[in-house]
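Step one of this worksheet: look at the structure below.
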Amino acid sequence: MKAISCLKYGLSELKLEEVEKPVPRDNEVLLEVHASSATTHNLMIIEGKPFFVRLLDSGLVKPRIKIPGSDISGRVVMVGKDVTKFKPGDEVFGVSTAFGAYAEYTAVPEHELVPKPVNISFEEAAAVPQGSLVALQALRDKGGIQKGQKVLIFGASGGIGSFAVQIAKYFGAEVTGVCSSRNFDMLYTLGADHLIDYTKQDYTKNGQTYDLIFAIAYRSIFDHKRALKPNGVYVSAGGPSVTRIFQDMLIGPMVFKRDGKKLVGGWAVNPNAKDLLFVKELIEAGRIKPVVDRCYPLSETAKALQHYGTGHPGGKVVIAVQHSTKF
Ligand SMILES: NC(=O)c1ccc[n+]([C@@H]2O[C@H](COP(=O)([O-])OP(=O)(O)OC[C@H]3O[C@@H](n4cnc5c(N)ncnc54)[C@H](OP(=O)(O)O)[C@@H]3O)[C@@H](O)[C@H]2O)c1
């Protein structure tokens, strides 16, 4: 089978190669991969940057993860002997936590997959898993979002933000998004109530305050704090920068608490079937939808990640895998 192999650090080192098709373990399904997506974590493990990622979950000198890719949508072609939820032919999506999705086939434990929403394509489905789960868990679990609250999404137009706007609307919030104005039409269509172009206006200085701020793009927590109501909650999506770790995890919580506000940072998304099924139901009910910025073929995975790495996609960057098999 064809796969993107990552044997040395660097986007330019990614190669489309012929490798052996994996054999599923007892609790795994073999998937014919139809699509995956670009994510920050994949970019980090491919580039080996920032350096601490090599200590945490990649190799010190060369990548430990030989075939990257974690968001996944595809069709089951074979099941291990302990698999009970799926059979060959089923269309599924999820997060492959052991990576391997930038390939024609991959083996994934069945608990990491759920049935694909019936009303979207494989490409759209691959745009959903991590982006929607980060948004859902940030707003509902970390932020405790309530109906009628004023919620601000900082970095509203990307792969996470476009879900956050829709999920916050689903929970009954009045939603303000911050991004550049070229993405305003898309976000108004998705339901945003107010939009602010960060290149033209400083949202922390316009007199408005919010019950909940969810920040995906980077800005100092001390600026965000100004725009929080008393008792307001600021949730950060985290990120690779040392500054952010220092602000979100070390000094931020103390400074916010002193003012009666709350900061939630330094958390990681928890990919799980229960939340993904919740998202699937919202998609099938027409309450939320994935936004695909651009779709690249598997052979252009490096280009897809490069485009994602600019930090300005309007929605999610998807990698599609062509198959000729007919079911
Ligand atoms: N905690 C976790 O478990 C977790 C999991 C996954 C990802 N993350 C974090 O999430 C981030 C990536 O999110 P993503 O995939 O949604 O990114 P993305 O698709 O690149 O979107 C970036 C967003 O930020 C906006 N933006 C860029 N520069 C900005 C600025 N100076 N001020 C305000 N907004 C700005 C962009 O708007 P325009 O394009 O309109 O300018 C866009 O809306 C990374 O930091 C990653 O570490 C965290």
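The values are calculated or read from the model by the stated rules, or taken from the named source; none is laboratory data. Everything numeric here is computed off the predicted structure, so don't read it as measured data. A quick note on method: Cβ atoms are made from the backbone with ideal geometry, for glycine too, and the neighbour counts reach across all protein chains shown. Each accessible area value is taken on the protein alone, full model and side chains, heavy atoms only, with ligands, DNA and RNA left out. Shrake-Rupley method; radii C 1.70, N 1.55, O 1.52, S 1.80 Å.
How large is ³J(HN,Hα), in whole Hz, for each residue of the range 206-222 in order, when computed from phi with the Karplus curve 6.51 cos²θ - 1.76 cosθ + 1.60 and θ = phi - 60°, using x for Gly and Pro?
Rounded to whole hertz, the list is 9, x, 8, 10, 10, 6, 9, 10, 10, 9, 9, 6, 8, 7, 4, 5, 6.
Pop a pseudo-label 7 angstrom from the Cα along the beta-carbon direction at both Ser181 and His41 and give the gap in nm to one decimal.
3.7
Which distance in nm do the two modelled labels at Asp197 and Leu277 give, with both placed 7 Å along the Cα-to-Cβ direction?
In this crude spin-label approximation the distance works out to 4.5 nm.
Tally up the carbon and sulfur contribution to the accessible surface of the chain as a whole percent, 1.4 Å probe, everything protein left in place. Kindly include the intermediate steps, with their values, before the conclusion.
Numbers: 7760 of 14400 Å².
Summing carbon and sulfur atoms, their accessible area is 54 percent of the total for the chain.
Where in the range 24-43 does the label zone of Leu11 land, with the point 7 angstrom along Cα→C-beta and an amide N cut-off under 20 Å?
From the range 24-43, the list is 36-43.
Taking the square root of 5 times each eigenvalue of the Cα gyration tensor, what semi-axes in Å does the equivalent ellipsoid of the range 128-240 have, largest first? Don't skip to the answer; put the middle values down first.
Working: eigenvalues 60, 54, 39 Å².
After diagonalising the Cα gyration tensor, the semi-axes are 17, 16, 14 Å.
At 1.4 Å probe size, with every protein chain present, just tell me what the per residue accessible area of the chain comes to in Å².
Numbers: 14400 Å² over 327 residues.
On a per-residue basis, the chain sits at 44 Å².
What FRET efficiency comes out for Ser299 versus Tyr188 if R0 is 30 angstrom and r is the Cβ-Cβ distance? Round to the nearest 0.05.
On the way: r = 35 Å, r/R0 = 1.18.
FRET efficiency, Ser299 to Tyr188: 0.25.
Given the C-alpha centroids of the range 187-205 and the range 275-327, what is the distance between them in whole angstrom?
24
Under a 5 Å amide H to amide H cut-off, with H placed in plane at 1.01 Å, what residues pair with Ile196 once short-range neighbours are removed?
Gly177, Val178, Cys179
Kindly write out, for the range 146-163 in residue order, the coupling ³J(HN,Hα) from the Karplus curve 6.51 cos²θ - 1.76 cosθ + 1.60 (θ = phi - 60°), rounded to whole Hz, with x marking Gly and Pro.
Couplings: 10, 4, x, 6, 8, 10, 10, 10, 9, x, 7, 9, x, x, 8, x, 5, 6 Hz.
Working only with C-alpha atoms, what are the Rg and Dmax values of the range 67-159, expressed in angstrom?
Computed over the Cα atoms of the range 67-159, radius of gyration and Dmax are 15.7, 50 Å.
Suppose we keep just the DSSP beta bridges with both residues in the chain; what percent of those would be antiparallel, to 5?
Values: 27 of 53 bridges.
Percentage antiparallel, nearest 5: 50.
For the chain, take the longest principal axis of its alpha carbons; what is the angle in degrees between that and the long axis of helix 273-284, to the nearest 10 within 0 to 90?
Roughly 80 degrees between the two axes.
Provide the packing ranking of 249-255, 303-309, 317-323, i.e. peptides ordered by the mean count of other C-beta atoms within 10 Å per residue, highest first. Don't skip to the end; give the middle numbers.
Numbers: 249-255: 14.9, 303-309: 19.9, 317-323: 22.0.
Ranked from most to least packed, the peptides come out as 317-323, 303-309, 249-255.
Output the relative contact order of the range 1-147, whole-number percent, from Cα pairs under 8 angstrom with separation of 6+ residues.
28
Amide H neighbours of Leu228 under 5 Å, at least 5 residues apart or on other chains, H built in the peptide plane: list them.
Amide H neighbours of Leu228, under 5 Å, 5+ apart: Tyr210.
Which three semi-axes in whole Å describe the equivalent ellipsoid of the range 1-144, each the square root of 5 times a Cα gyration tensor eigenvalue, listed largest first? List each step's numbers first, then the result.
Working: eigenvalues 119, 86, 37 Å².
Semi-axes (√(5λ), whole Å): 24, 21, 14.
Using θ = phi - 60° and the Karplus curve 6.51 cos²θ - 1.76 cosθ + 1.60, what whole-Hz ³J(HN,Hα) does each residue of the range 250-265 get, with Gly and Pro shown as x?
Those phi angles translate into 9, 8, x, x, 5, 5, 5, 4, 4, 9, x, 9, 10, 10, 10, x Hz.
How big is D, in µm² s⁻¹, for the chain by Stokes-Einstein at 10 °C and 1.306 mPa s if Rh is the Kirkwood radius over C-alpha pairs?
79
Counting helices only, and only those DSSP H runs with n ≥ 4, report the 222 nm mean residue ellipticity of the chain as the sum of -39,500 (n - 2.57) divided by its residues, in deg cm²/dmol to the nearest 500.
The per-residue figure over the chain is -6000 deg cm²/dmol.
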